[in-house]
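Enquirer: Please see the structure below; I have some questions.
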Amino acid sequence: MNGILNLLPYPALYASHGGIWIADERGTRGVGRGEAISRAGETPMILLNAPSVGQRLGYPELSGLDLLELFAFVHPARFMVPTVKGLADTLGLAVPVDEGASAELLREAAAALMARMAGDWSEREGAWTSAQTLSRLRWTWAPIVVKAIPQPKSAERWLFSKLPEWEERPPRNPPRPVSITPEAARERLDGLTGAGRETRAGQRAYTEAAALAFAPRTRRDEPNMLLAEAGTGIGKTLAYLSPASLWARQAGGAVWISTFTKALQRQLDFETRRLFPDATERAERVVVRKGRENYLCLLNLEDALQGGFSGRAAILAQLVARWAAFSRDGDMVGGDLPGWLSILFRRNGSTVLTDRRGECIYAGCPHYRRCFIERASRASADADIVIANHALVMINAARGREMANRPSRIVFDEGHHIFDAADSVFAAALTGQEAIELRRWIIGPEGTSRGRRRGLAARLADVASYDAEGGAAIVAAGHAAQMLPGDGWLQRIGEGAPFGAIEALLGAIRGTVYARSETEDAGYGLETEAAELDGPLVEAAAAGAAALDALLRPLISLGRRLEAVLEDGPDWLDGPARARIEGAIASLGWRRDTVAAWLAMLSRMGGPSDPDFVDWLAVNRIDGRDFDVGLHRHWLDPTKPFAEAALKPAHSVIVTSATLRGGDGARGGWHSAEARTGAAHLSAGATHFSAVSPFDYAKQAQVLVVTDVKRGDVGQLANAYARLIAASGGGTLGLFTAIRRLRTVHARIADRLARDGLALYAQHVDSIDTGTLVDIFRDDPRASLLGTDALRDGVDVPGDSLRTVILEGVPWPRPTVLHAARRAAGGGSAYDDGIVRARLAQAFGRLIRRADDRGSFVMLSAAMPSRLLSAFPDGTPISRVTLDEAVARVAASVAEVRLADGISLSQRAELHE
């Protein structure tokens, strides 16, 4: 190691809120910001997360030898927390005792990675060839890496030749009608948890109730539906997986487990190791499914590798190619691609490599047989357990896709999010961003000369040459799409010079929104109801509708011609060509439905409103600048289309959550649960099950409502967060309802906490994705994390890393046009209270995740209504206190836990002796 270290003539730079250090062959010393920037500009420096270091130094263009890039090259598809501690743990190095020693650790880590490349390591294949390409691209690590990796004796295989091919299989037989008895489900549960080792009465009762839901249904459009609220700690995952796995094995069918967050998808994937301990069997029996926009598109990657990307983006493409060769499933968003990788390149380049625009050419792609998306789709057809997400299940149901594989037995975990997921899936938005994406799908991107040709004409050239009517429809669609917004549309409507009817409509919408706005932009943009519209806007809507109608007609005609080509079966229509046309039909149907929804929206402008929908006009803004304009339509009750599309066709449905009744179980919240899950729209309704958490909240938690932090005083708010985090010794999750306040508080307290050795991370501040921020927080008990809604619902951090949760105030719903309509229909203030209780229950649920957890939940709100306190579990001590007292109680709680842990450790040591 020391010899290799001597071959690295580069110093290392480490910067945090606590200080800046440089380590070289002479040792480690602290430096000022100016010297650090100067040294970094003079010579390459070994860094860890260059964008983050540059942010700390106030030098955003900082570059150097980033160890994260080197790690991604050496160990693609391997998890690592992107911190000094995470790097040390992964490489088997000693964790530095203080921040001053971290700079030297970076040099040691570089040496350790070099040593691995000099030998024979598991991800060696393709590394030498990749290093040669990266050298030509002038990757900063390339001169060192090229010398470190010995040239292989034989030529290395090209990525696209070594990826496995999927095999076509016959359709799966329909599942057999079987019933799972409660006794069989209990036996299966005991086998998974260990009989006699783990006895949870609530878990056993849950698995019995879930087993009954898998019985054959008795009437069409009436699934066996179970609403199950299981408090944290019940073990609901194994409780429903037990009967689900039994049913899948006996019936020969698949059970789809649907989640709302990617974090739970990963957790469920891990839990299935108990079902199938053998990794090979598990790979066949368990499949993780996401929307196709999550997976690497091999054709996009090939374009990028062959000149489609340049500069730093080309280096990113090479590292993604290294990852693709070792990835489990090609999932780029929440899969085994490091979440921090694309952030290093100061652009979301990785998402460009996915199929986000629906441009897939299916069997026309040379990599079709190796496609990650197609492999996952086919694997799910034969799997026992398919782990998907709410959006994918709903979208497939709504579009009628994959009818043979449509889920008939579904478990919706995180069921309290069904309403929100359906609200998004079944909504429509005629905006500039959406319209320009449709234009690009039909015509192809503007101003591009490299890469493959895109657009309908390019993708369906063979159909156009064979079928005259189809060719004419393609031409007509392309001509009509010219009237959709193009590049520069936002600037043109801002200048009052729109091109085409749709841009003119967007300009009229923007003018109306600004004219009617009565509030300042709070960071979310401006909006107004689509009611009492003036004549010019109604006329613009009519002209826009005519333009959309001219586009819809050829799209409908083209769809019919494609179906006719499939029926005629010309000589050139082999298997791959048929699959490509079938894919084009499905993709075309999606766009056709989108345009039809836009037409329906415009037809209502100036006329009577539809009671099932809420329409509004909006200008979306960020940092005081417009970035989108349009007309929006949401269902007043989105569970109505959800019930029609997803629930009624199913045979068995379980909807489960720890807060299914919105934190209001004591008041009989099943009516609310049925309303927000779609059960209210089923004639047979649903059965109910509930199991309270086994935790002793009276001893494990406390709720402190701070009464002397003035609302709106950011200085007092920042001081409260700083003092509470310090009292907790880190381990704090701080939740905000506004990004602006989050950033302000972070800026005021980060340095102050760093002086005490307490790292503070934040969404919307740190140059790190949310999933990685949670990984960092979980890995360091002295770190704290600030965030917004995504952290309120999607964080699972059991143990000492999360000791305190701070909420800046009552999480009232944001006053929007949509919320106002639902509030009026849902009971006024009672509707708001239900939302707040659900949010409080979810936030509190982050705190106690297992039996030995202890913690404090702090509300910084003097005006916290007592009626909302029912959101917290029964028995939880709730006190209204001053900030001084809250700080003392948090410190005392942490000290008590530390004392108990110390006693436990000493007892174990005595027993060992």
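The values are calculated or read from the model by the stated rules, or taken from the named source; none is laboratory data. Nothing here was measured: the structure is a model prediction, and the numbers come from that model. Here the Cβ positions follow ideal geometry from the backbone for every residue, glycine too, while neighbour counts run over all protein chains shown.
Enquirer: State the number of residues belonging to the stretch 484-505 that are of a type outside the set (S, T, N, Q) and either under 34 Å from the mean Cα position of the chain (by Cα) or at pLDDT below 90 (or both).
Expert: 13
Enquirer: Among the candidates Ala564, Ala550, Ala531, which residue alone is closer than 24 Å to Gly364 by Cα, aliphatic (A, V, I, L, M) and in contact (Cβ under 8 Å) with a residue 60 or more places away in the chain?
Expert: Ala564
Enquirer: Let me ask you something else. Six or more apart or on different chains, Cβ under 6 Å: which pairs go from a residue in the stretch 845-862 that's in the same structural domain as Arg723 (by TED's automatic domain parsing) to one that's of a type in the set (Phe, Trp, Tyr)? Could you list them?
Expert: Close Cβ pairs (under 6 Å, with a partner that is of a type in the set (Phe, Trp, Tyr)) amount to Leu847/Phe857; Ile848/Phe695; Phe857/Phe844.
Enquirer: Where residues in the stretch 582-609 are surrounded by 15 or more Cβ atoms within 10 Å (Cβ to Cβ) and farther than 20 Å from Ala398 by Cα, which of them is farthest from the chain's Cα centre (by Cα)?
Expert: Within the stretch 582-609, the match that is farthest from the chain's Cα centre (by Cα) is Gly606.
Enquirer: How many residues does the stretch 524-564 hold that are on the phi > 0 side of the Ramachandran plot and either crowded, with 17+ Cβ neighbours inside 10 Å or at pLDDT 95 or above (or both)?
Expert: Residues that pass the stated criteria total 1.
Enquirer: Residues in the stretch 767-776 that are of a type in the set (D, E, K, R) and outside any helix (DSSP H, G or I): how many? Break it down stepwise before answering.
Expert: First, pick out the residues of the stretch 767-776 that are of a type in the set (D, E, K, R): 769, 775.
With the extra rule that they be outside any helix (DSSP H, G or I), the set shrinks to 769.
Residues that pass the stated criteria total 1.
Enquirer: Go through the stretch 411-518 and tell me which helices (runs of 4 or more DSSP H), entirely inside it, have 2 or more residues that are in contact with a helix residue (DSSP H, G or I) (Cβ under 6 Å, 6 or more places away or on another chain), touching a residue at least 24 places away in the same chain (Cβ under 8 Å) and under 27 Å from Leu301 (Cβ atoms).
Expert: In the stretch 411-518, the matching helices (runs of 4 or more DSSP H) lie at 432-443.
Enquirer: May I pose another question? What number goes with the only condition from (1) in a helix (DSSP H, G or I); (2) more than 30 Å from Arg792 (Cα to Cα); (3) in the same structural domain as Ala422 (by TED's automatic domain parsing); (4) not polar (S, T, N, Q) that Arg266 does not pass?
Expert: It is condition (2) that Arg266 fails.
Enquirer: Sticking with this structure for a sec: Determine whether Pro170 is surrounded by fewer than 18 Cβ atoms within 10 Å (Cβ to Cβ) and either under 29 Å from the mean Cα position of the chain (by Cα) or modelled with pLDDT of 95 or more (or both).
Expert: No.
Enquirer: Something else: Mind checking which residues of the stretch 57-84 are charged (D, E, K, R) and crowded, with 19+ Cβ neighbours inside 10 Å?
Expert: Going through the stretch 57-84, the residues charged (D, E, K, R) turn out to be 61, 66, 69, 78.
If the condition is that a residue be charged (D, E, K, R) and crowded, with 19+ Cβ neighbours inside 10 Å, then Asp66, Glu69 are the ones that fit.
Enquirer: Of all residues in the stretch 354-380, count the ones that are under 21 Å from the mean Cα position of the chain (by Cα), surrounded by fewer than 20 Cβ atoms within 10 Å (Cβ to Cβ) and not charged (D, E, K, R).
Expert: Of the residues in the stretch 354-380, 2 are under 21 Å from the mean Cα position of the chain (by Cα), surrounded by fewer than 20 Cβ atoms within 10 Å (Cβ to Cβ) and not charged (D, E, K, R).
Enquirer: Next up: Inside the stretch 719-759, can you point out the residues that are farther than 18 Å from Ala886 by Cβ and β-branched (Val, Ile, Thr)?
Expert: Thr737, Ile739, Thr744, listed by residue number.
Enquirer: Considering each of Pro811, Pro798 in turn, give the residue that is outside the structural domain of Leu87 (by TED's automatic domain parsing) and surrounded by fewer than 21 Cβ atoms within 10 Å (Cβ to Cβ).
Expert: The match here is Pro798.
Enquirer: With respect to Arg880, determine if the residue is assigned to a helix (DSSP H, G or I) and either of a type outside the set (Asp, Glu) or modelled with pLDDT under 95 (or both).
Expert: no
Let's see how each residue does on (1) more than 20 Å from Gln842 (Cβ to Cβ); (2) touching a His at 6+ places or on another chain (Cβ under 9 Å):
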residue: Gly233; (1), (2): no, no
residue: Leu238; (1), (2): yes, no
residue: Pro243; (1), (2): yes, no
residue: Gln250; (1), (2): yes, no
residue: Trp256; (1), (2): yes, no
residue: Phe260; (1), (2): no, yes
residue: Gln267; (1), (2): no, no
residue: Arg273; (1), (2): yes, no
residue: Glu281; (1), (2): yes, no
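Enquirer: Return yes when Ser245 is in contact with a helix residue (DSSP H, G or I) (Cβ under 6 Å, 6 or more places away or on another chain) and assigned to a strand (DSSP E or B) and no when it is not. Outline the logic, then answer.
Expert: Numbers: in contact with a helix residue (DSSP H, G or I) (Cβ under 6 Å, 6 or more places away or on another chain): yes; assigned to a strand (DSSP E or B): no.
In short, no.
Enquirer: Then there's this: If you go through the stretch 396-411 one residue at a time, do you hit one that is at pLDDT below 95 and closer than 19 Å to Glu359 by Cβ?
Expert: yes
Enquirer: Okay, moving on. May I ask you to list the residues in the stretch 565-578 that are surrounded by fewer than 17 Cβ atoms within 10 Å (Cβ to Cβ) and either at pLDDT 80 or above or assigned to a helix (DSSP H, G or I) (or both)?
Expert: Pass one, the stretch 565-578, residues surrounded by fewer than 17 Cβ atoms within 10 Å (Cβ to Cβ): 566-572, 574-576, 578.
If the condition is that a residue be surrounded by fewer than 17 Cβ atoms within 10 Å (Cβ to Cβ) and either at pLDDT 80 or above or assigned to a helix (DSSP H, G or I) (or both), then Leu566, Glu567, Asp568, Gly575, Pro576, Arg578 are the ones that fit.
Enquirer: For the stretch 28-48: of the residues being in contact (Cβ under 8 Å) with a residue 60 or more places away in the chain and surrounded by fewer than 23 Cβ atoms within 10 Å (Cβ to Cβ), which is nearest to Thr140 (Cα to Cα)?
Expert: Among those residues, the one meeting the criterion is Pro44.
Enquirer: If you take the residues of the stretch 272-293 that are modelled with pLDDT under 90 and touching a Ser or Thr at 6+ places or on another chain (Cβ under 8 Å), which of them is surrounded by the fewest Cβ atoms within 10 Å (Cβ to Cβ)?
Expert: Glu293
Enquirer: Another question, then. Could you say whether any residue in the stretch 306-320 is among the hydroxyl-bearing types (Ser, Thr, Tyr), within 30 Å of Thr133 (Cα to Cα) and modelled with pLDDT under 90?
Expert: Checked against the condition, which is being among the hydroxyl-bearing types (Ser, Thr, Tyr), within 30 Å of Thr133 (Cα to Cα) and modelled with pLDDT under 90, the stretch 306-320 yields at least one hit.
Enquirer: Another question, then. Please enumerate the residues belonging to the stretch 442-483 that are at pLDDT 85 or above and either buried (at least 19 other Cβ atoms within 10 Å of the Cβ) or more than 21 Å from Ala564 (Cβ to Cβ) (or both).
Expert: Selection gives Ile442, Ile443, Gly470, Ala473, Ile474, Ala477, His479, Ala480, Ala481, Gln482, Met483.
Enquirer: Would you say Ala15 is small (Gly, Ala, Ser), closer than 24 Å to Asp98 by Cβ, outside any helix (DSSP H, G or I) and assigned by TED's automatic domain parsing to the domain that holds Ala101?
Expert: yes
Enquirer: Quick one: is Ala215 among the hydrophobic types (A, V, I, L, M, F, W, C), modelled with pLDDT of 90 or more, assigned to a helix (DSSP H, G or I) and assigned by TED's automatic domain parsing to the domain that holds Leu660?
Expert: The answer is no for Ala215.
Enquirer: What strands (runs of 3 or more DSSP E), lying completely within the stretch 777-864, carry at least 2 residues that are modelled with pLDDT of 90 or more and among the small types (Gly, Ala, Ser)?
Expert: Those strands (runs of 3 or more DSSP E) span 784-787, 855-860.
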